[in-house]
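Trainee: Can you read through this structure? Questions will come right after.
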Amino acid sequence: MPVNGLSVDVEDWFQVGAFEKVIERGDWDGLVPRVEANCSAILEMFANAGVKGTFFTLGWVAKRHPAMMRAIADAGHEIASHGWDHARVFTLDPQRFARDISETRKVLEDITGQKVCGYRAPSFSIDARTPWAHEVLAEQGYVYSSSVAPIVHDHYGWREAPRFAFRPVAGSDLIEIPVTTAELAGRRIAAGGGGFFRVLPYGVSRWAIRQVNARDGRPAVFYFHPWEIDPGQPRVANAPLRSRLRHYTNLDRMQAKLSQLIGDFRWGRMDEVAASQAGMAS
């Protein structure tokens with residue numbers, strides 16, 4: 001079976017898209033960070049399972065938690081970019097996006113000493129509105145992106161995008177590796193982690209990843225966030241009810257489900273997945 005991509009989108013509880021309209025960026029430094037403790041628990045879980053993964057990290061977080069970043073890199077995991085402060089790509093123009101990914105990459109590389117070759121857009125926000133984003137990534141020499149969700153979703157999605165690795169820029173070696181979707185009754189459904197994995201029964205995700213591995217012969221791309229294993233995080237009472245339901249449901253069950261998932265399938269870093277899919281990308 002293929003080696004699937006195991007990834008962590010490293011952002012703190014107050015930086016998520018669900019709360020972006022009720023927590024101002026200017027207030028972030030006044031909030032209690034929990035990302036370091038949560039990442040330590042993730043590193044322990046990965047070490048116990050003997051797996052390596054990719055940590056797509058915000059530059060804002062890395063700058064404030066350099067020891068955590070060095071611990072991740074020293075454990076053999078890949079460091080990749082998640083942008084500076086979780087600004088969705090479609091809220092930027094090409095020039096601001098270029099500065100965002102350049103500044104983030106420099107901070108990540110300076111702290112860890114590891115070359116950064118991968119990028120994931122906050123909230124999978126490369127879509128039909130941002131045809132220039134992949135070109136900017138290619139110009140800056142990124143090897144791969146995992147920034148597209150080929151589904152319809154109220155927060156993100158590019159339904160027309162391919163389900164599996166493709167080359168978005170003619171004449172470039174840049175590979176886009178979309179987050180995993182499965183097919184059910186002729187429809188695409190989200191199957192790559194996050195809230196989908198946390199809220200639905202584990203068997204749904206196991207079925208979906210088996211479909212991608214066995215039927216399609218492709219690696220799955222799975223992601224989660226450090227705050228998703230933290231049931232003790234502060235509650236944002238003034239957030240919309242829908243956002244609170246999405247964010248807080250099953251936090252107390254997430255770590256056990258992750259351990260089961262890691263044990264049931266083969267996992268590796270996203271740069272390894274990119275290398276394995278280079279010859280198959282259209």
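Trainee: Before rounding to the nearest 500, sum -39500 (n - 2.57) across all DSSP H runs of length at least 4 in the chain and divide by the residue total; then give [θ] at 222 nm in deg cm²/dmol.
Mentor: -10000 deg cm²/dmol
Trainee: Using a 1.4 Å probe and counting only protein heavy atoms, arrange SER40, SER172 so the residue with the most accessible area comes first.
Mentor: Ranking SER40, SER172 by accessible area, largest first, yields SER40, SER172.
Trainee: Percent relative contact order of the stretch 68-202, based on C-alpha pairs within less than 8 angstrom and at least six residues apart?
Mentor: Reported as a whole number, the value is 18 percent.
Trainee: Roughly how big is the stretch 1-75's charge dipole about its Cα centre, with Cβ charges of +1 (Lys, Arg) and -1 (Asp, Glu), in debye to the nearest 20?
Mentor: It works out to roughly 180 debye.
Trainee: Picking from VAL169, HIS247, GLN260, whose Cα lies most toward the positive end of the charge dipole for the stretch 166-282 (charges on Cβ: Lys, Arg +1; Asp, Glu -1)?
Mentor: HIS247
Trainee: Over the Cα atoms of the stretch 5-102, each weighted equally, I'd like the Debye log10 I(q)/I(0) at q = 0.17, 0.24 Å⁻¹, rounded to two decimals.
Mentor: So the normalised log intensities are -0.80, -1.32.
Trainee: Could you give the nm distance between label points at SER276 and ALA128, where each point is 7 Å from its Cα heading toward the beta carbon?
Mentor: Result: 3.2 nm between the two label points.
Trainee: Using the beta-carbon distance between ASN48 and LEU200 and R0 = 22 Å, what value does 1/(1 + (r/R0)^6) give for FRET efficiency, to the nearest 0.05?
Mentor: For ASN48 and LEU200, the calculated efficiency is 0.30.
Trainee: In square angstrom, what is the accessible area per residue of the chain with a 1.4 angstrom probe?
Mentor: For the chain, the per-residue accessible area is 42 Å².
Trainee: Find which of ALA190, PRO201, HIS134 sits farthest along the positive direction of the dipole of the chain, computed with +1 on the beta-carbon of Lys and Arg, -1 on that of Asp and Glu, about the Cα centre.
Mentor: Most positive-ward Cα: PRO201.
Trainee: Expressed as a whole percent, how much of the Cα-Cα distance distribution for the stretch 143-278 exceeds 25 Å?
Mentor: Looking at the stretch 143-278, the distances longer than 25 Å represent 31 percent of pairs.
Trainee: Another question about this same structure. Please state the charge dipole magnitude for the chain, taken about the Cα centre, from unit charges on C-beta atoms (+1 on K and R, -1 on D and E), reported in debye and rounded to the nearest 20.
Mentor: Once rounded to the nearest 20, the dipole reads 800 debye.
Trainee: Which FRET efficiency, nearest 0.05, do ALA71 and ALA185 yield, Cβ-Cβ r, R0 51 Å?
Mentor: 0.70
Trainee: Place +1 on the Cβ of every Lys and Arg and -1 on the Cβ of every Asp and Glu in the chain, take the dipole about the Cα centre, and give the residue among TYR156, ALA73, GLY59 whose Cα lies farthest towards its positive end.
Mentor: Farthest towards the positive end: TYR156.
Trainee: Something else about it: Starting from the alpha-carbon convex hull of the chain, give the projected area averaged over all orientations, in nm².
Mentor: Value for the chain: 13.6 nm².
Trainee: The stretch 48-80 to the stretch 186-211: how many Å between their Cα centroids?
Mentor: Rounded to whole Å, the Cα centres lie 25 Å apart.
Trainee: Right, next: Which percent of the accessible heavy-atom area of the stretch 1-121 goes to carbon and sulfur, probe 1.4 angstrom?
Mentor: Result for the stretch 1-121: 50 percent of the exposed heavy-atom area is carbon or sulfur.
The values are calculated or read from the model by the stated rules, or taken from the named source; none is laboratory data. Treat the numbers as computed from the prediction; the structure is a model and nothing was measured. Counting neighbours? That spans all protein chains shown, and the Cβs are built from the backbone with ideal geometry, glycine included. For accessibility, only protein heavy atoms count, side chains too; no ligands or nucleic acids. Shrake-Rupley method; radii C 1.70, N 1.55, O 1.52, S 1.80 Å.
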